[in-house]
Amino acid sequence: MAATRATSDTPIPSTETNNADGASSEVTEEEWKGMTTVLNNVYGYRTEDGYDPSKLFQRKVNKRSLPDYYTVIKEPMALSMIKGKVGAKEYKSFSEFVRDFALVPHNAQVYNRQDSQAYVDALEVKKVLESELKKLADEKVITEEVATLPYLGEIPEQDDVLPEEEEEEEEEEDEEEEDDDVDESDDDGKRKKKRGARSTAAITKREGGAKAKEDTTAKTNDPESRKKRGRPPRVDTPMEARIKAIMKGIRKPRNSQNKLMISAFERVPDKSVMPEYHAEIKNPMAMDLLKRKLKRKKYNSVDHFMVDVELMFENAKLYNEDDSQVYKDAVYLQKEARVIAKQEKEKADSEYVMEEGRLPMPNGILHNGELWKVGDWVHIQNANDLTKPIVAQIYRTWQDVEGGKWVNACWYYRPEQTVHRFDRHFLENEVVKTGQYRDHPIDEVVDRCFVMFFTRYNKGRPRDFPPDKEIYVCEARYNEEKHKLNKIKTWASCLPDEVRDKDYVMDLFDAPRKLKKVPSPIAYLLKDEQKETDDLPQPVWGAENAPPKIGAVHRRPRDPKDSPPPEPTPSPPPPPPPPPSRPVSNIAPPPANGYHNDQRMDYSMSQGVAQSPMPAPTPQPHHVPPAYTPQHTQHFHQHSASPIPPMQHIPASQPSSFPTLTPHIPFSTPQPTPQIQHYSTPQTPNAFQQPAARPPAIGYKTPQPVEVYHLNDHANASIPPEIREQFHCDEQGHVLFFTAPPLDPVAPAKEGAALGHSVRYLAAKAKREALIAQKRKQDATQLADRETEVKRRKKTEEERFVEQVGEFGAKALRALEGQLVQATRREFEVLYNGGMEEGVRREVERLERVQRAERERARVSRERRVREDKERNVPIRGMTVLLEETV
């Protein structure tokens, strides 16, 4: 054994990190080197086919990916942690190093199943570790006792879970990974997946045993248990059950290395890591793609599914070498899949009956003359409040052994059914997605509705959707355990697999509408004594298969990801003054007491609907004015949870004794047009006209709009007839519910002028318009400058391009000249066998002789042409010639 390290004699303090308790380390330099060697050899170990078994254990397990890991594993350990301790020299002894290293495979064996790849890799790492420690013991660096791995606890036996339950748990985990893409993004918006671990359910069965079954009944009646996420029940057709049996069968075989053969076919190789694979394989296929297509009902037969299975194995055989392990596994699994498929197709459909005798109805359920199928948005009876039916989407349809028709639906809560911060705002008609998947008899389905994602809600409405049906908007997912509202990133993840790839046609608005947010409808539940440090309040639960009766609000600190509440919307501008009055002949003459019906009240609708004129009553004993019918577009369930504050009563300027007015509006029915010809304009002043109303007092507040609602047909029919007769009803017999008692206020008026904005509002408006004008002017100036700069740059680039072309042309000519010189030199060398100079001289002399001969030939040719020209120009004499010359 080597001696221990000597202390330093230098006064400079050491930078080495000692233990926190200050104890000195007993590890020698040779042992530190041995630790590094063991660590590097484990990192660098590869199996015969080049596989790295240590890859899964190099980093700590992500707590967000596997939250139950740290519940099962009390001492997490990873190779990176050991490497850090060795680098910082934190170990007091070599035994501590051995114990930490032994924790790595031990934890993997405790948490993972024996048939998982992580379990197999852990055994491989453990074997390499024991081999490396034995080498150090043989070299006398450590003792045999230190090289022996310590006992860290019992490795649990294989979970005694039925194969069907294993398959179901695996499917549920996959669905939760897809559906929880937003819930898991609360921390950093990123999610990581890790496969091969025991599920929480399996651990519970291993640790709890029969005790878990005994607690099932007790949890059913516990309101807290209702908050936990459920899943749609398994309702497989015989064809789907056969496909699942094939997939399950090819997952079992192992190769000679005790690895699952299917492990190489779980996922398609990453394109960024293996681009050559995707270049050669044009149509990749893997087990995860098979499972996804099965969930989304893409297969219409077992043979259709087997086409993709054959493609998956043929791809592997095409890409891998014939003697590789992957090729051999592909050949074996391909044969095994064909055998299993043949066996499954020979079985009768009666062998695939689901649990509890459920008979799938994939084509939907015909009920009350309508077909209800997967993906439909529906209203379901709410046992806690008949006025607020449950908004839900159908996920499953089936028939039980007694012939009863059932649907499984995912609930969507209304804002008043959730727990949230008191100042949170919601969109009008908003609902939030929950993790509640509940079974309902088809008789509990009331009618249809529709839920749109908030990114499309402001652009249009579904085409051909009945106008009398309710349309909601959804923006967030509700976590009932943490009482958090998480914004949905992808709407497709919230829909059933069967309809994720389908879309609906929309009738678009002329222009996108601005979505308006309103305060929480249960903000009034906040108590003065509530503080930010209080625990989260709980909703009020009622009936078993129903949402909460009402949610709750709190003052707890706002989540950093939550947006602050919107600023209050400024008051809208007042309506323009009425048009000039004109006489109307069909109105009864006013009485002699001087009252006149030119006083009217405008009720502002909550969504900016045009104001409907309100006729002023007259004290005629036998005349009852027509009922006020506001054009209201919202329905009973949106406001019923929010109390309306008391309305101000503005006393009339003159006493009157006319009958009481009762405004009403029938729910979900078209409204008749008000009798405009009777009350649309004031009457022409005459001797009987009422004196002008008094100007409004300082601080005048416009009265709240009077609204009235009624229940839907189903809820209204549940009220006994003798009870309905005691209340106001509309023409269809619906009981009317008013938000305030009837009033007879006097409309605010100002003599000589209409109402206007405040000075502050006008000043802010003028300032804003000035800023907008200034910004536009700056933008115009900047635009001109940018255009000039662009033109200048373009001209400079063109000049530079021309200059570069010229430079490249000159370079090309020089290069060509050089190439010609070299080529000529080589030709002369070849022609004259190395006597290039003599050959050049001879060639030059020959060229000179040719040039002299050519010049001589040209001279003779010129002289001949001159003689010929002279011979042709012989003068002609005669009378005619002289006359012509004279002329």
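The values are calculated or read from the model by the stated rules, or taken from the named source; none is laboratory data. Note that the structure is predicted; figures quoted are calculated from it, not measured. Methodologically, a virtual Cβ is constructed for each residue, glycine included, from the backbone with ideal geometry; neighbour enumeration extends over all protein chains shown. Heavy atoms of the whole protein, side chains included, go into the accessibility calculation; ligands, DNA and RNA do not. Shrake-Rupley method; radii C 1.70, N 1.55, O 1.52, S 1.80 Å.
Would you say residue 446 is assigned to a strand (DSSP E or B) and either at positive phi or modelled with pLDDT of 95 or more (or both)? Spelling it out, it is not the case that residue 446 is assigned to a strand (DSSP E or B) and either at positive phi or modelled with pLDDT of 95 or more (or both).
Of the strands (runs of 3 or more DSSP E) lying entirely inside the range 378-440, the ones with 3 or more residues being under 23 Å from the mean Cα position of the chain (by Cα) are found at 390-399, 405-413, 425-427. Within the range 347-384, the set of residues being of a type in the set (D, E, K, R) and modelled with pLDDT of 90 or more comprises 370, 373, 376. So which residues in the range 42-89 are of a type outside the set (D, E, K, R), assigned to a loop (DSSP other than H, G, I, E, B) and within 24 Å of residue 256 (Cβ to Cβ)? Once the filter is applied, which keeps residues that are of a type outside the set (D, E, K, R), assigned to a loop (DSSP other than H, G, I, E, B) and within 24 Å of residue 256 (Cβ to Cβ), the range 42-89 yields 45, 47, 50, 51, 53, 54.
Residues that are of a type outside the set (D, E, K, R) and either in contact with a Lys or Arg (Cβ under 9 Å, 6 or more places away or on another chain) or surrounded by 18 or more Cβ atoms within 10 Å (Cβ to Cβ) (or both) within the range 367-380 comprise 367, 372, 374, 375, 377, 378, 379, 380, listed in sequence order. Note on the range 124-151: residues that are in contact with a helix residue (DSSP H, G or I) (Cβ under 8 Å, 6 or more places away or on another chain), free of Cβ contacts under 8 Å to residues at least 12 places away in the same chain and small (Gly, Ala, Ser) amount to 1. Does at least one position in the range 330-352 carry a residue that is in contact with an Asp or Glu (Cβ under 9 Å, 6 or more places away or on another chain), surrounded by 13 or more Cβ atoms within 10 Å (Cβ to Cβ) and closer than 20 Å to residue 274 by Cβ? Looking through the range 330-352, at least one residue is in contact with an Asp or Glu (Cβ under 9 Å, 6 or more places away or on another chain), surrounded by 13 or more Cβ atoms within 10 Å (Cβ to Cβ) and closer than 20 Å to residue 274 by Cβ. Please state which one of 439, 501, 497, 443 is open to solvent by 40 Å² or more (accessible area, probe 1.4 Å), within 22 Å of residue 408 (Cβ to Cβ) and touching a helix residue (DSSP H, G or I) at 6+ places or on another chain (Cβ under 9 Å). That would be 501, the only listed residue that is open to solvent by 40 Å² or more (accessible area, probe 1.4 Å), within 22 Å of residue 408 (Cβ to Cβ) and touching a helix residue (DSSP H, G or I) at 6+ places or on another chain (Cβ under 9 Å). From the list 125, 86, 72, the lone residue that is more than 36 Å from the chain's Cα centre (by Cα), open to solvent by less than 40 Å² (accessible area, probe 1.4 Å), within 27 Å of residue 266 (Cα to Cα) and not polar (S, T, N, Q) is 125. Please go through the range 321-373 and give me each residue that is among the basic types (Lys, Arg) and over 15 Å from residue 246 (Cα atoms), ordered by number. If the condition is that a residue be among the basic types (Lys, Arg) and over 15 Å from residue 246 (Cα atoms), then 328, 358, 373 are the ones that fit. Listed conditions (1) open to solvent by 90 Å² or more (accessible area, probe 1.4 Å); (2) outside any loop (DSSP other than H, G, I, E, B) are all met by residue 363, apart from (2). Mind listing just one residue for me: the one in the range 406-430 that is in contact with an Asp or Glu (Cβ under 9 Å, 6 or more places away or on another chain) and hydrophobic (A, V, I, L, M, F, W, C) and, of those, surrounded by the most Cβ atoms within 10 Å (Cβ to Cβ)? Once the filter is applied, the top-ranked residue is 407. For the range 466-494, filtered to residues that are touching a residue at least 60 places away in the same chain (Cβ under 8 Å) and assigned to a helix (DSSP H, G or I), the residue that is surrounded by the most Cβ atoms within 10 Å (Cβ to Cβ) is 494. Residues that are of a type outside the set (Ser, Thr, Tyr), at pLDDT 90 or above, out of contact with any Phe, Trp or Tyr (no Cβ under 7 Å at 6 or more places or on another chain) and open to solvent by less than 40 Å² (accessible area, probe 1.4 Å) do not occur anywhere in the range 219-235.
Annotation: residue 744 fulfils all but one of (1) modelled with pLDDT under 85; (2) loosely packed, with under 13 Cβ neighbours inside 10 Å; the unmet one is (2). Scanning the range 273-318 for residues that are in a helix (DSSP H, G or I), under 15 Å from residue 497 (Cβ atoms) and open to solvent by 60 Å² or more (accessible area, probe 1.4 Å) gives 292, 293. Among residues of the range 414-426 that are over 11 Å from residue 517 (Cβ atoms), those with a Cβ under 6 angstrom from a residue that is assigned to a strand (DSSP E or B) and among the aromatic types (Phe, Trp, Tyr), sequence gap 6+ or separate chain, pair up as 418/478.
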